[in-house]
Amino acid sequence: MKRDVIVAIQTRIALVRDQEELTQVQMAALLGITQPRLNALLNDHGELFSLEALIEIATKLELNVRLSISRPYRDG
């Protein structure tokens, strides 16, 4: 699940940076993180981020995040 959020964030960041012609510093400022943290996120170091932090970033990028939890299926 965390990996899915990271990939969605990376994809959205690439799109926004391309459309708005933003530097990493500018993009990081919009997301409320530092440029080194943004760089870590973009270079597959998502383990440095909590799921909560990733959801905050996704929300700032106007992504919808849904969490689904269910009990395992038991036959009988």
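Key figures for this structure:
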| read-out | value |
| --- | --- |
| Restricting region 1-54 to residues that are of a type in the set (Asp, Glu) and in a loop (DSSP other than H, G, I, E, B), the residue that is surrounded by the most Cβ atoms within 10 Å (Cβ to Cβ) | ASP44 |
| Criterion (of a type outside the set (Ser, Thr, Tyr) and closer than 30 Å to ILE69 by Cα) met by exactly one of ARG3, ARG17 | ARG3 |
| Filter result (of a type outside the set (Gly, Ala, Ser), farther than 14 Å from ARG37 by Cβ, part of a helix (DSSP H, G or I) and in contact (Cβ under 8 Å) with a residue 24 or more places away in the chain) within region 55-71 | ILE55 |
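A short reminder: the numbers here are calculations on the coordinates, not readings from a lab. Model, not experiment: these values are computed from the prediction. Positions of Cβ are generated from backbone atoms using ideal geometry, with glycine treated the same way; all protein chains shown enter the neighbour counts.
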